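Worksheet for the structure shown next.
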Amino acid sequence: MRFGPQIARRLDQAFGRLPEPITPYRVPEIIEARKVFGEPIGAAETIRRAIGKLVSQLCAELETRGMGARRLDLLIHRVDNARQALRVGAAQPIRDPQRLSRLLNDKIASIDPGFGIEIMELAAVIVEPLRERQPMVTLIDAANPDISDLVDVLANRIGESRLCRFTPVESDVPERSVAMIAALSPETGATWNGKWPRPTRLLARPEPIETMALLPDNPPVWFTWRGVRRRVRQADGPERIRGEWWKRDAEMATVRDYFQVEDDAGERYWIFRSGDGEHSESGSQRWFLHGVFG
């Protein structure tokens, strides 16, 4: 046959002349625990105890399978047939009953028991293999503290997308020298540049300020930011930062001269002049406030 026997066999199977064995897709079995109450419950303390028992049952099954939970769903059935679902998550797979109970107990205030709860179901909807880690204890290096419990509590309270940490990026331009990553992401290997101190708060965009300064290398005598005029008492700088011409052609000749300035109230600011104070191609020669020190 011109196209081989495979085409003829598939046609016969399509018309029902040959059997076509099908291997069904098997949905992974969900690990869950269920509690039916003889009498409806509604008190917060009773709900807390019920959650503790469900978590203990679930963790025992997780341990049997060598798994840890990444996400739990608590389904509440009320006597009026209404349902309420609560969800908590973890940054890493865990099966510690105390930690999982703590995450769920933080949600008790949002439970509306109505005229009473008759059934509670707890399901581990996302599980992963859990490998027990042996803590490293030496006389030289202290073990790194485990903050995963804190991260999980905060993430479930304020939202996982709002919790992050900062990591350095290889760039001289301040707004490009830092990136936000997940709170428990592995170390990137990059190190912070300690040559010049950086403000604890970097504005999303540098904000223009009005100043009086002598060119080319002197800091402002005063500046006005957000409608408030501030007299400069002390200043350090300039720290010159050049544009990254290898990334953007428009930054071939651009520079910024940064100063750390302190006003009469003791507040410290990070300001810069766009340009070198002499050549128009280096920048607009305008002043901006880019950050605030603690």
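Each value in this text was obtained by applying a stated rule to the coordinates, not by laboratory testing. Treat the numbers as computed from the prediction; the structure is a model and nothing was measured. FYI the Cβ positions are ideal-geometry reconstructions off the backbone, even for glycines, and counts take in every protein chain you see.
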Percent RCO, i.e. relative contact order, over the chain, from Cα pairs under 8 Å lying at least 6 residues apart: 12 percent
I'd like the FRET efficiency for K107 and L214, computed as 1/(1 + (r/R0)^6) with the beta carbon distance as r and R0 of 51 Å, rounded to 0.05. 0.25
Relative contact order (percent) for region 201-292, with alpha-carbon contacts under 8 angstrom and 6 or more residues of separation? 28 percent
Any residue on another chain or 5+ positions along whose placed amide H is under 5 Å from the amide H of A179 is listed here as T167, V169
Can you tell me how much longer the chain between A179 and A43 gets when fully stretched, taken as 0.36 nm per residue apart minus their C-alpha distance, in nm with one decimal? 44.5 nm
Inter-probe distance in nm under a simple model that places probes 7 Å from Cα toward Cβ, at V292 and D146: 3.9 nm
Could you rank the peptides 204-214, 119-129 by their average count of other C-beta atoms within 10 Å per residue, with the highest value first? 119-129, 204-214
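Given the -39500 (n - 2.57) contribution per DSSP H run of 4+ residues, what per-residue ellipticity at 222 nm results for the chain, rounded to the nearest 500 deg cm²/dmol?
-5500 deg cm²/dmol
Across the chain, how many lysine pairs separated by 8 or more positions, or lying on different chains, have Cα atoms within less than 29 Å?
Lysine pairs, 8 or more places apart or on different chains, close enough: 4.
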A chain fully extended from E170 to A253 at 0.36 nm per residue, minus the present Cα-Cα distance, gains in nm 27.9 nm
Please state the charge dipole magnitude for the chain, taken about the Cα centre, from unit charges on C-beta atoms (+1 on K and R, -1 on D and E), reported in debye and rounded to the nearest 20. 760 debye
Using DSSP H assignments, which helices in the chain have an axial alpha-carbon span of 18 Å or above and a mean Kyte-Doolittle hydropathy of -0.5 or higher? 44-65
Arrange the following residues from fewest to most other Cβ atoms within 10 Å of their Cβ: I147, I158, I51. I158, I147, I51
Subtract the Cα-Cα distance of H279 and N81 from 0.36 nm times their separation in residues, and report this length gain in nm to one decimal. 63.7 nm
